[in-house]
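Read-outs throughout are calculated quantities, based only on the coordinates presented, and are distinct from any laboratory measurement. Computed from a prediction, not measured in an experiment: that's the story for all the values here. Virtual Cβ from ideal backbone geometry, glycine too; neighbours counted across all protein chains shown.
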Amino acid sequence: MKVPFYGHVKQYHNIKSEIDANIHEVLESGQYVMGPMLKRFEQELAAYHGMKYAVGVGNGTDALWLTFMALGIGPGDECITHPNTFFATAEAIWIADATAVFVDSDPKTNCIDPARIEAAITPRTKALVPVHLYGQCADMKAIRKIADKHKLVVIEDNAQAIGARGDGFKIGELSDAVCTSFITQKNLGTFGDGGAVITNNDKIDGVIRKLRNHGSDKRSCHSMGYNSRLDDIHAGVLSAKLKHIDEWNDLRRTWSARYSAGLENARNLTLPYEVPGSRHVFHLYVVETKHPEHRDALLDFLNHDGIDAKCHYPIAIHQQEGYPWGKQARIPGPLHNSDRNAACCVSLPMFPELTEKEVDFVIEKTLAWDKSLGEALKAVG
Ligand SMILES: *Cc1c(COP(=O)(O)O)cnc(C)c1O
């Protein structure tokens, strides 16, 4: 049996008529950039979050750095985040010419550890940039408290957790802006690139609307800006898919619960942790081997059996070759948890269109690996 890592084409087939109808509508409208479909999707996306504004942009990276620009974050300013995330979180800070400050992650959630933030704050600190890693909300209550005390802005990197909820808070409720990505593999993904900034802040909304469109919000009038728009065809695809996101996230939760029940007794693995009272939407289902030297063995074992397991993210940002490439960066303390996460992580296949058979096959093979490792370790004594 082969188990793929993604189910994009299956997902398309499941709601083909809805997606095709929206694409057709855009094609027939003749308005492909900044047209009515984009406006419609922006309204639906803002409403989905219970917030005032959503601005479609070219991708998730642009969503982040355009937000930094809109907040006046630039040279000399520091943004605090953690290094065990997709590269773009820090890349966006560097595109804005600001300094990335890496603090350690929480050992259970792998999101930023709020207990490490205050020691990293200096007079240059302007923003906290938590990532809702793997589909689970960072501890926004603690993060907001620190931000208020030190008068910092908070920008949520929500590329991985659309539809998630924290313990007693919603995404967007405790920050200045929420940045998301619609690249194909995200929980809400289009057939290409896309992104959005969701906010209640009039100024952020207004500035990004201009910045994304050559600094223009009035025909022929420009200030310095960029070209980073969400095309109407993508907006149409996303509008069709947004109606299904809760049901798809529920399926991800069903499969993750099945994985966790099936792998409960695996002695050489740590399973994903879900904060009680929260809704984790399992963009990724990431297990960790108890020892770094066992990670590649598990990955090879699963890949050999036709299971497309991967690693997210095997090289933390501060471990990348040539880091930090002359860019501004600072590491105020040890990064033990981020390093462990990078060294031990294995992502099992996770997408809504998985089947029970596929999930059970992955469980069976993972348990077989766990058992053989257990026996090998016993033989060594
Ligand atoms: C995907 C992702 C991004 C960037 O999104 P792009 O659309 O690829 O630019 C940023 N941060 C995180 C955590 C991501 O997973």
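Counting 0.36 nm for each residue step from HIS214 to ALA297 and taking away their Cα separation leaves a gain of 24.9 nm. Between ALA257 and LYS16, residue separation times 0.36 nm minus the direct Cα-Cα distance comes to 83.9 nm. Taking the DSSP beta bridges in the chain as the whole, what percent of them are antiparallel, to the nearest 5? Close to 60 percent. The modelled label-to-label distance between GLU264 and ILE315, using points 7 Å beyond Cα along the C-beta direction, is 4.0 nm. Of the GluC sites (Glu not before Pro) found in the range 285-381, those in coil by DSSP whose Cβ has at most 16 other Cβ atoms within 10 Å are GLU321.
With an a/c value of 1.5 or above and a/b not larger than b/c for the gyration tensor axes a ≥ b ≥ c computed over the alpha-carbon atoms, the range 245-379 is described as oblate. Short-range pairs are left out: with C-alpha atoms under 8 Å and at least six residues apart, the relative contact order of the chain is 24 percent. Note that the range 236-296, at 37 °C in a medium of 0.692 mPa s, gets a Stokes-Einstein diffusion coefficient of 243 µm²/s from its Kirkwood radius over C-alpha pairs.
Here the range 278-339 is treated with +1 on each Lys and Arg Cβ and -1 on each Asp and Glu Cβ, and its dipole about the Cα centre works out to around 420 debye. Based on alpha carbons, the Rg and Dmax found for the range 61-163 are 12.2, 35 Å. Between the exposed loop cleavage positions of the chain, defined as trypsin sites (Lys or Arg not before Pro) in a non-H, G, I, E, B DSSP state with at most 10 neighbouring beta-carbon atoms within 10 angstrom, the longest gap is 3-150.
Its alpha carbons give the chain an Rg and a Dmax of 21.1, 76 Å. Each of ASN187, ALA142, TRP325 was placed along the dipole of the chain (beta-carbon charges, centred on the mean Cα), and the one lying farthest toward the positive end is ALA142. Calculated on C-alpha atoms, the gyration radius of the range 182-258 divided by its Kirkwood radius gives an Rg/Rh of 1.12. Which of the listed residues, LEU302, GLN160, ALA100, is farthest toward the dipole's positive end in the chain, when Lys, Arg count +1 and Asp, Glu count -1 at the beta-carbon? Of LEU302, GLN160, ALA100, it is ALA100. For the range 178-333, the fraction of C-alpha pairs farther apart than 29 angstrom is 44 percent.
Partners of LYS290 within straight-line reach, counting lysines whose Cα lies under 18 Å from its Cα and excluding those fewer than 8 residues away in the same chain: LYS108, LYS310, LYS365, LYS371, LYS378. The Cβ shell under 10 Å around ASN187 holds other residues with a net charge of +3, Lys and Arg each +1, Asp and Glu each -1. The string of couplings for the range 47-54 from the Karplus curve (6.51, -1.76, 1.60, θ = phi - 60°) is 4, 4, 8, x, 10, 6, 10, 9 Hz, one whole number per residue in order, with x for Gly and Pro.
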